[in-house]
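*Asks:* The structure's right below; bear with me while I get my questions together.
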Amino acid sequence: STTLASAAAGGVIVLNAKNFDSSLRDGKVWLIEFYAPWCGHCSRFAPAYEQVAQTLHSQQPTSPRKVNVAKIDGAAERALSSRFGVRAFPTFFLVDGWTVREYDGNRSKELLVKFAMESYEDVEPVPFLFGPFGPMGQVRAFLMRCGSEIVGVYEKLTKEKGLSPLVAMAILCSVGMGLGLVMIVVVGFLLLRKAKLD
């Protein structure tokens, strides 16, 4: 596995929540595998996926279609998995701008290379509304990030601050209800002002 800077060497690029959006702005097509470290199918296919990366990365200088090959730890990067609607591991997506296609064929080096270069045209793209770059994908990712943050705050309150779980939950519930009430008041105020203007 390689970082983005050493992709020219031919290995699989590791993407995560921090580098995902900035990496995909490079104008190239991306073949992305969502995997889990505990997944046996993923572990067995890893050497073949490295060969897919070497093949596609070595074709970049001469091919008009430039394809980067990447992987995302879907178990650790739950927000990205949720954004793409990943239901099982491994799952492969071909991302070309905002057009996303899911690969559903057999896992082999030859078939994945062919999918990335040619046969992707035979696969119906994921509808934008429900895709990772559309509103539903963004909402799913936002909700997953919020949930992860709340769990992190709970763990910090119980482990670092030494609060009992019941007190930590009470604090989180109070903050959540307070934010909810503030949002209701703000939305109500905005709608009430609009009604008066009409």
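*Asks:* On the given criteria, is LYS194 modelled with pLDDT of 90 or more, charged (D, E, K, R) and assigned to a helix (DSSP H, G or I)?
*Replies:* When the stated conditions are applied, LYS194 does not pass them.
*Asks:* So GLY162 fits all but one of (1) in a helix (DSSP H, G or I); (2) over 21 Å from GLU77 (Cβ atoms); what number is the exception?
*Replies:* (1)
*Asks:* Here's another thing I want to ask about it. Among the residues of the stretch 108-126, write down those that are of a type outside the set (A, V, I, L, M, F, W, C), over 19 Å from GLN60 (Cβ atoms) and in a loop (DSSP other than H, G, I, E, B).
*Replies:* Listed by number, the residues that qualify are SER108, GLU124, PRO125.
*Asks:* So, of the residues in the stretch 27-39 that are closer than 12 Å to ALA88 by Cα and outside any loop (DSSP other than H, G, I, E, B), which turns out to be most open to solvent (accessible area, probe 1.4 Å)?
*Replies:* TYR35
*Asks:* Just to be sure I understand, how many residues within the stretch 79-137 are open to solvent by 30 Å² or more (accessible area, probe 1.4 Å), closer than 20 Å to PHE20 by Cβ, basic (Lys, Arg) and in contact with a helix residue (DSSP H, G or I) (Cβ under 7 Å, 6 or more places away or on another chain)?
*Replies:* Final tally of qualifying residues: 1.
The values are calculated or read from the model by the stated rules, or taken from the named source; none is laboratory data. In this text the structure is predicted, and so the values were computed from the model without any measurement. Glycine also receives a Cβ, built like all others from the backbone with ideal geometry; neighbour counts cover every protein chain displayed. Surface areas here come from the heavy atoms of the whole protein model, side chains and all, with no ligands, DNA or RNA. Shrake-Rupley method; radii C 1.70, N 1.55, O 1.52, S 1.80 Å.
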